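**Student:** Structure in structure tokens, see below.
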Amino acid sequence: MPRLNPSDRDELLIRVDERLKYTCELTEKQEGHLSTLNDRVAENALNIDRNDKRINQIERVVENGVPMRLSKKQLAASGGSLATIIASAMLIIGKSLGWW
């Protein structure tokens, strides 16, 4: 291997340094892009899991029909509506019979 004179060696070191700097900048850009992709993959994994649960619920409803159990909120709302209807009917009947 031939020996380099100092000026050729300096030029070679400058070129190597520039390439190393470019490689470092490129690596930083790739790391940022990879981080963004990893975030998207994690979000998609959560969406897939959520959709799988929804599909399973729909399949259960299709197989077994709609459950007839009402939640506590639904029971309370229907009880309140029924009480309002009864009170309104009593008021109408009472006024029509001359009680009030």
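Throughout, read-outs are computed from the coordinates displayed, never taken from laboratory work. What you see is a predicted model, and the numbers here were worked out from it, not measured in a lab. Cβ: placed from backbone, ideal geometry, glycine included. Neighbour counts: every protein chain shown.
**Student:** Only one of (1) surrounded by 10 or more Cβ atoms within 10 Å (Cβ to Cβ); (2) of a type outside the set (Val, Ile, Thr); (3) at positive phi is not met by residue 98, so which one is it?
**Tutor:** (1)
**Student:** While we're on this one: Taking the stretch 67-100, which residues are outside any loop (DSSP other than H, G, I, E, B) and among the basic types (Lys, Arg)?
**Tutor:** Result: 72, 73, 95.
**Student:** Moving to a separate point now. Could you tell me whether residue 34 is part of a helix (DSSP H, G or I) and surrounded by 10 or more Cβ atoms within 10 Å (Cβ to Cβ)?
**Tutor:** yes
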